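The values are calculated or read from the model by the stated rules, or taken from the named source; none is laboratory data. Please read all numbers here as calculations on a predicted model, not as lab measurements. Cβ coordinates were reconstructed from backbone atoms using ideal geometry, including for glycine residues, and neighbour counts include every protein chain displayed. Each accessible area value is taken on the protein alone, full model and side chains, heavy atoms only, with ligands, DNA and RNA left out. Shrake-Rupley method; radii C 1.70, N 1.55, O 1.52, S 1.80 Å.
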Amino acid sequence: MALKGLRTRHQLIQFTISLLEKMSLRDIKVAQVAKAAMTSPAAFYVYFDTVQDTVLAAIAEIDQSPPALLAMLNDP
């Protein structure tokens with residue numbers, strides 16, 4: 001993956017995590033993440049199928065999941 005693609009993917013992950021601090025996972029829409037990352041929903045779908053996939057990617061990037069993130073994921 002090219003550097004620009006890696007940067008875009010990382011931004012999508014980071015903005016998803018930022019939105020998780022304000023709202024529940026089920027309320028976050030692809031359009032919101034894309035807008036926050038200053039890209040399009042179409043670009044989002046190049047890297048991820050769902051918003052949940054961005055959270056899973058964030059977890060995969062860290063060695064140990066922070067308790068706050070795990071709590072958000074387990075919250076119905």
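Met38 falls short on exactly one of the conditions (1) out of contact with any Asp or Glu (no Cβ under 9 Å at 6 or more places or on another chain); (2) within 12 Å of Thr16 (Cβ to Cβ); (3) at pLDDT 75 or above, and that condition is (2). Within the stretch 48-73, if we keep just the residues that are open to solvent by 90 Å² or more (accessible area, probe 1.4 Å) and either part of a helix (DSSP H, G or I) or closer than 16 Å to Leu12 by Cβ (or both), the residue that is modelled with the highest pLDDT turns out to be Asp49.
If the condition is being part of a helix (DSSP H, G or I), open to solvent by 50 Å² or more (accessible area, probe 1.4 Å) and modelled with pLDDT of 90 or more, then the stretch 1-35 contributes Arg7, Arg9, His10, Gln11, Gln14, Phe15, Arg26, Asp27, Ala31, Gln32, Lys35.
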